[in-house]
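Here is the structure we will look at, set down as structure tokens.
The values are calculated or read from the model by the stated rules, or taken from the named source; none is laboratory data. All figures in this text were calculated on a predicted structure; none of them were measured in a lab. Glycine gets a Cβ as well: all are built from the backbone with ideal geometry, and neighbour counts include every protein chain shown. Heads up: the accessible areas ignore ligands, DNA and RNA and are worked out on the full protein's heavy atoms, side chains in. Shrake-Rupley method; radii C 1.70, N 1.55, O 1.52, S 1.80 Å.
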Amino acid sequence: FSNGIEITVTPEHPFWILKDLEWKTLPASALKIGDYIPAPLHLPIKGKGVLSKDWCRFLGYLITDGGYEINRGVKNGINFTNTNPQLLNDFYNLSQKLFKVKPYIYSKEKRTPMVRIISKPVLKSISNLGKSLIEKSENKFIPQTLMITSLENLREFLKAAFECDGYVTFNRIG
């Protein structure tokens, strides 16, 4: 960027650009030097740090690559599916630290590994932050408590979300 900021994204990551006085989206691989890409100079967030950095990072992982466990039609836990061993390990450690539980890693040949936590109390703790957090991805939303946290903590959420191939659209994050 012309302001000296550098970011790394996947080639298919979409960017809004202004071209011929119209807003269009292009994949990162199609961007050219001189394309106008809007970016805020700062984020006007004045939070109180309601959630810790660890909670924010955990939620970034959960919202983008997390899911729920179900047994006989009843939700009974959460999971995090990812191919990156560092992210799996971080989610595992955060789960132990935040919930005092021992998750387990489910890994079978030709399947993406996942960290699983079978625990209704963990499920309830997460649900208390926002019921959408334990839904399918198309129904997940950023909980209000995250929107009023400190900028430093919000950065942890965003780093985790984008490490998991998260994305942003007009009205949601995935």
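What to note about this one:
- Subset of the stretch 76-94 (residues that are touching a strand residue (DSSP E or B) at 6+ places or on another chain (Cβ under 7 Å), assigned to a helix (DSSP H, G or I) and within 13 Å of Glu163 (Cβ to Cβ)): Leu88, Phe91
- Just so you know, in the stretch 4-35 the residues that are outside any strand (DSSP E or B) and open to solvent by 100 Å² or more (accessible area, probe 1.4 Å) include one that is modelled with the lowest pLDDT, and it is Glu6.
- The set of residues in the stretch 66-82 that are open to solvent by 40 Å² or more (accessible area, probe 1.4 Å) and either on the phi < 0 side of the Ramachandran plot or of a type in the set (D, E, K, R) (or both) comprises Tyr68, Ile70, Asn71, Arg72, Val74, Lys75, Thr81.
- Residue satisfying all of: in the stretch 114-140; open to solvent by less than 30 Å² (accessible area, probe 1.4 Å) and in a loop (DSSP other than H, G, I, E, B); nearest to Asn76 (Cα to Cα) among these: Ser119
- Condition met for Gly166 (more than 30 Å from Leu26 (Cβ to Cβ), modelled with pLDDT under 90 and surrounded by 18 or more Cβ atoms within 10 Å (Cβ to Cβ)): no
- Failed item, numbered, when Arg111 is tested on (1) in a loop (DSSP other than H, G, I, E, B); (2) open to solvent by 40 Å² or more (accessible area, probe 1.4 Å); (3) in contact (Cβ under 8 Å) with a residue 12 or more places away in the chain: (3)
- Within the span defined as the stretch 44-54, one or more residues are at pLDDT 95 or above, surrounded by 11 or more Cβ atoms within 10 Å (Cβ to Cβ) and outside any loop (DSSP other than H, G, I, E, B).
- Scope the stretch 95-108; condition in a loop (DSSP other than H, G, I, E, B) and free of Cβ contacts under 8 Å to residues at least 12 places away in the same chain; matching residues: Lys100, Lys102, Ser107, Lys108
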